[in-house]
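Engineer: First the structure, then my questions, so here it is.
Taken together, the values in this text are just the output of simple stated rules run on the coordinates, not laboratory data. Predicted model, so just to flag it, every value in this text is computed and none were measured. Every residue, glycine as well, gets a Cβ built from its backbone with ideal geometry; the counts of neighbours run over all protein chains shown.
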């Protein structure tokens, strides 16, 4: 199954700054996803990142706040822009490779705290 | 749309106690059902799955049976250990051979005391 590496694993940031989270997969995958997990909550899908096209955002999430890149089939980034304390969450990357025993494989997440 | 409802937590048990975490789903078709586990500081890992009615998924002593008549996929374990302390998520997936979105339950926090 796909092995996913997310960087950074955690960070503490100042209000108003931006942070870019990287997601690297050890194999080529068709679809990559970004989720947000707020404290004590379940996962909420932010967007689907497809190689060679614009990301598809879910209701309540916009590109200006969460710009996403997908330059190739093994890598994606999510930027959290102009951060506020409400953005303090775990951000998880997942991938769908279309031929494993589960629909998506998840990274370990990035734990983000905004002061 | 599709939805998954999990038993509210947190659940606190003593070691060797019996565990049940209830999960029910609503779906227009026949989704695959999964239990994922999130250990402290980690991402989500697949625990077990069932792809059709009456299938039983099992792993690490955990079991869940896909019950179409009750639209349920309850997670059970006969004797929990401290190392089972984690957050458990019930998920449904209606993708079939093409990509479909995952539907998440709200998660249930399990704490097992020695």
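Engineer: Based on other C-beta atoms within 10 Å, arrange A:76, A:89 from fewest to most. Please report the intermediate quantities before stating the final value.
Structural biologist: Details: A:76 26, A:89 21.
Neighbour counts put them in this order, fewest first: A:89, A:76.
Engineer: Follow-up. On the Cα set of the protein assembly as shown, report Rg and Dmax in Å, please.
Structural biologist: Here Rg and the maximum Cα pair distance are 17.8, 52 Å.
Engineer: Then there is this: How big is the gap, in Å, between the Cα center of region B:28-46 and the Cα center of region A:1-74?
Structural biologist: Centre-to-centre (Cα) distance: 18 Å.
Engineer: In which sequence would B:101, B:56, B:77 go, from the one with the fewest C-beta neighbours within 10 Å to the one with the most? Spell out each step's value before the answer.
Structural biologist: Working: B:101 17, B:56 10, B:77 20.
With the sparsest Cβ surroundings first, the list reads B:56, B:101, B:77.
Engineer: Treat each spin label as a single point 7 Å out from the Cα along the C-beta direction, and report the residue B:60 to residue A:27 distance in nm.
Structural biologist: My value for the distance between the label points is 2.2 nm.
Engineer: Return, for the Cα atoms of chain A, the radius of gyration and Dmax in Å, separated by a comma.
Structural biologist: 13.3, 41
Engineer: Percent of Cα-Cα pairs per 10 Å bin, from 0 to the last occupied bin, for region B:45-114, please list those.
Structural biologist: Whole-percent P(r) values from 0 Å outward: 18, 49, 27, 6, 0.
Engineer: In percent, what relative contact order does region B:31-110 have, based on Cα pairs under 8 Å that are 6 or more apart in sequence?
Structural biologist: Working: 159 pairs, mean separation 22.4, N = 80.
Contact order relative to length: 28 percent.
Engineer: How would you rank B:37, B:4, going from fewest to most other Cβ atoms within 10 Å of each one's own Cβ?
Structural biologist: On the way: B:37 20, B:4 24.
Ordered from fewest to most neighbouring Cβ atoms within 10 Å, B:37, B:4 come out as B:37, B:4.
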